[in-house]
Amino acid sequence: MDRLRANPRTAKIVERIVGSAQVSGIWMKSVSEHQGLLIVTVYVMLIMSLVIGPLYNVITGPVKEFGASLPPTLLALFGGGNLSTPEGFYQIEIFGMMAPAGILIATIAAGSRALAGEEQNRTMGILLSNPVSRSSVVMQKTVAMVVEGIAVGVSIFIGVWLGSIIGGLGMSAGNIAAASLLATLLGLAIGALALALSAATGRVRVAVYGAIGVALISHVLNAFLPLNASTESLTRWTPFGYYLNSDPLANGMDWWHGLVLLVLTVVLVGLAVVWFQRRDLRQRG
């Protein structure tokens, strides 16, 4: 964005997208700092989710033939699903990887830079010089992360819902909302991990790579553990196991799975508060 700002041909449009920072509250300031990334992510996820509906009707025949030839391991890597149904097609194309990836982009960016980013930019001292406690800073940064994650989740729901209507797929709006909500809760749980690592270490890279690593390992384990009956039960130890394993696009919301992801998020945010309060802050260049 900074490079595009420096180019006279793209400076105006980038300024309109990125906007200016809002400083009326810590959480609002944090959201405004990521608004460029957030706007692009919301737009991309909305458009991608929408076009799948009409596309499914155009390529129904070839898709069914191709889906029948795919090995189970490959389908599992993309979230499972059955290409012969609209729900299965959407699960593979959007909810298997793209939906969680889009939300994770927003939540990990917000969580990792929430505290460590302030230290890296040498603004934490200025922030804490105001009459605000460390725990309040963490909670307001958490609010910013939640707002960004929900924004992407809502864009996915709207895109899939409109895609289903335009394509005449007849998918349940409630089931679409369930899948979008579980994807959002998954993103918030991983984002909370990034926040906790940010609070514990004060290093943006540790928070980013740590959260991404856990997300990738969780996704791979959840994809391949069910292929063996003796290891299938181990998916309950992975965050992704509480995302799509209940098949929300077909069965609706599994409130137990949603509760597990919500509790995990709350616990990680609590750890972030404790670790941030106990750590000696350092101003990094």
Residue 138: net charge of surrounding residues, Cβ under 15 Å, Lys/Arg +1, Asp/Glu -1, itself excluded? +4
With N set to the residue count of region 24-278, report its C-alpha Rg divided by 2.2 N^0.38 Å to two decimal places. 1.05
Packing-based exposure ordering (other Cβ within 10 Å, fewest first) of 37, 104, 216: 216, 37, 104
Exposure proxy check: 107, 142 ranked by fewest other beta carbons within 10 Å? 142, 107
Could you rank the peptides 169-180, 85-96 by their average count of other C-beta atoms within 10 Å per residue, with the highest value first? 85-96, 169-180
Residues of region 107-129 with backbone nitrogen within less than 13 Å of a virtual label 7 Å along the Cα-to-Cβ line of residue 281, please, listed as ranges. 114-129
From fewest to most C-beta neighbours within 10 Å, the residues 280, 254 line up as 280, 254
Mean Cα-pair separation over length for region 24-278, i.e. relative contact order, pairs under 8 Å, 6 or more apart, %: 27 percent
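Bear in mind that the values in this text are calculations on the coordinates, not laboratory data. Please read all numbers here as calculations on a predicted model, not as lab measurements. Methodologically, a virtual Cβ is constructed for each residue, glycine included, from the backbone with ideal geometry; neighbour enumeration extends over all protein chains shown.
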